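The values are calculated or read from the model by the stated rules, or taken from the named source; none is laboratory data. Quantities reported herein were computed from a predicted structural model and do not represent experimental measurements. Using ideal geometry, Cβ is built from the backbone for each residue, glycine included, and neighbour counts are taken over all protein chains shown. Ligands, DNA and RNA are stripped out before the accessible areas are found, and what is left, the full protein with its side chains, is counted by its heavy atoms. Shrake-Rupley method; radii C 1.70, N 1.55, O 1.52, S 1.80 Å.
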Amino acid sequence: MPISRRELLQAAGMGAAALAAGATGVRLRAGGPSRAAPDWTKLRSRLAGRLILPGEPGYETARLSFNPLFDARRPAAMARCARPEDVQHCVAAAAAAGMPIAARGGGHSYAGYSTPEAGLVVDLSAMAGVEVRLDGTAAVGAGARLIDVYAALARAGRCLPAGSCPTVGIAGLTLGGGVGVLARKLGLTCDRLTAAQVVTADAMFRTASAASEPDLFWALRGGGGGNLGIVTTFIFATAPAPPELTVFSLRFPAGAVAGVLGAWQAWAPSAPDELWSNCIVSAGEPPACRVGGCFVGGVAALAPLLDGLVRRAGATPLHPSVRSLGYLDAMRYFGGCSRRTVGQCRLQGDGSGQLAREAFVASSRIMARPVADPGRVASLLHRPPGVDALFDALGGAVGRVAAGATAFPHRAALATAQVYASAAGRRRWQAAHAVAEVGSGLGALLGTGAYVNYIDPALPDWAGAYYASNLGRLREVAHRYDPGGILAFPQGLTRA
């Protein structure tokens, strides 16, 4: 069982002075009061998992996150936690030393916040179990990756609306909202969350639900990863897996962007809940675009809906692809690993995994309203290839939840818009410049909102962009559960 606060403080060597400092709001982190480095030997003796320090075997591999652009960062230690008590000990040790601390699930933080320089990384990858219960709920360890969540649910005939990248961690995805290919039918990932077991900044183990710690539970559903504690287990209300999903991809000729995007932004919101889609505009001279998606149902029922889009667009797709798949096969399709086994859909170096890490720069905007002149989007992407603007439809079940019912505020929006540039084989500044230019242009067209799961350290007014009308309540909850800023990071709520 998780240890008590008193036991934890004694075990970590935190005396009454440290406890008093936390209670009075002294910031126990880098830049705060001067403290000694953690007693790594003592922490190591308390962990069921493994503590890895610089220079020790495995450190150079363990410290790496998904994005190679952050490979220069060198955490002070990597704690591969095996149980909630390990997380408690890590939080207490970091707090006592005033050391930055960050949880890592999948390691996909767009800003690399899960790899703090000279900080303690709480690696949850060993806490990755998925238990599907007879009542249809699923207990999912915070270190689980999406491909393994999907595989476990599929074996039980269940499903969960979540993201597409197979190596993304369930934790970060859920805590920021969770947009995926079943969102219009089943809602965001956070909408299916019924409880979370979490270690808060005071190293206490809590259960957050509608009945227990309700404000914390509210904030965990869309308030962003790393802000309010370190979740160890998520409890989700799953749904029966659809017997048939139809996936499709319609690639349109270069030069058709304005017509296709204009048609899509009117067509996608009016589609039935069973139909989720996106529109991806790829840079080029001229730019090109494609519309893809997922339909809960068969090919015959989808066909007239796609015909309606093509008529609106006034352009004929090149080599359209439409096929019917089972739930797990559809998730592998969207993860780009249709031809791989579930095991091969993991990262290289992770068992039989075959997927490579990716160097990229990204940002986002929220499509709050239709673009009056879609040709302006085409103009923004009229540039050398390597940059994409990905519009992912919202609406349906997502929009039927009130903006203040969870911390995710963008319920009335048409879509999220991600700007993504590969940094492989090019200089990072080139990718960053392209993303900044396109992102700024999209902001002028779409509005000031942004999606916290595509977190961007260069985003102006980031707190308002991510959280909109929910920012005030989120700040209050964050300061209540972390008055000392133990979990602070550059775009964390205690700094908003």
The listed residue being buried (at least 17 other Cβ atoms within 10 Å of the Cβ), hydrophobic (A, V, I, L, M, F, W, C) and within 30 Å of ALA356 (Cα to Cα), out of ALA496, ALA478, ALA465, ALA421: ALA421
Please go through segment 376-387 and give me each residue that is in contact with a strand residue (DSSP E or B) (Cβ under 9 Å, 6 or more places away or on another chain) and open to solvent by 40 Å² or more (accessible area, probe 1.4 Å), ordered by number. HIS382, ARG383, PRO384, PRO385
Go through (1) crowded, with 24+ Cβ neighbours inside 10 Å; (2) under 21 Å from the mean Cα position of the chain (by Cα) for ARG80 and report which single condition fails. (1)
Are there any pairs, at least 6 apart or on different chains, whose C-beta atoms fall under 6 Å, with the first in segment 448-464 and closer than 14 Å to ALA415 by Cα and the second of a type in the set (D, E, K, R) and modelled with pLDDT of 95 or more, and if so, which? ALA450/ARG365
Which one of these does ALA397 not meet: (1) surrounded by fewer than 21 Cβ atoms within 10 Å (Cβ to Cβ); (2) closer than 19 Å to PRO287 by Cα; (3) of a type in the set (A, V, I, L, M, F, W, C)? (2)
Taking ALA407 as the residue in question, decide whether it is more than 22 Å from TRP264 (Cβ to Cβ), of a type in the set (Gly, Ala, Ser), open to solvent by less than 40 Å² (accessible area, probe 1.4 Å) and part of a helix (DSSP H, G or I). no
Check every one of the strands (runs of 3 or more DSSP E) wholly within segment 103-149 and list those with 1 or more residues that are open to solvent by less than 30 Å² (accessible area, probe 1.4 Å). 120-123, 137-141
Of everything in segment 246-262, what is in a helix (DSSP H, G or I) and within 24 Å of GLY187 (Cα to Cα)? Give them in sequence order. LEU261
Applying the selection to segment 298-320, what residues are crowded, with 18+ Cβ neighbours inside 10 Å and not hydrophobic (A, V, I, L, M, F, W, C)? PRO317
Would a scan of segment 223-232 turn up a residue that is part of a strand (DSSP E or B) and touching a His at 6+ places or on another chain (Cβ under 8 Å)? no
Given (1) closer than 25 Å to ARG400 by Cα; (2) open to solvent by 10 Å² or more (accessible area, probe 1.4 Å); (3) of a type in the set (A, V, I, L, M); (4) assigned to a helix (DSSP H, G or I), LEU216 misses just (2)
Pick out the one residue from VAL198, VAL181 that is among the β-branched types (Val, Ile, Thr) and either part of a loop (DSSP other than H, G, I, E, B) or surrounded by fewer than 24 Cβ atoms within 10 Å (Cβ to Cβ) (or both). VAL181
Can you tell me which residue within segment 435-462, out of those that are among the polar types (S, T, N, Q) and not in a loop (DSSP other than H, G, I, E, B), is least open to solvent (accessible area, probe 1.4 Å)? ASN453
Give all pairs with beta carbons closer than 7 Å in which a residue from segment 238-263 that is more than 17 Å from SER379 (Cβ to Cβ) and of a type in the set (Asp, Glu) meets a residue that is in a strand (DSSP E or B) and open to solvent by 10 Å² or more (accessible area, probe 1.4 Å); count only pairs at least 6 apart in sequence or on separate chains. GLU244/SER324
For ARG427, all conditions in the list (1) over 26 Å from ALA372 (Cα atoms); (2) modelled with pLDDT of 95 or more; (3) loosely packed, with under 15 Cβ neighbours inside 10 Å hold save one; what is the number of the exception? (2)
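Those residues that are within 20 Å of ALA407 (Cα to Cα) and of a type in the set (A, V, I, L, M, F, W, C), I need them from segment 139-175; list them, please.
If we filter segment 139-175 for residues that are within 20 Å of ALA407 (Cα to Cα), which is where we start, we get 142, 160-163, 169-175.
Within segment 139-175, ALA142, LEU160, ALA162, ILE170, ALA171, LEU173, LEU175 meet the criteria.
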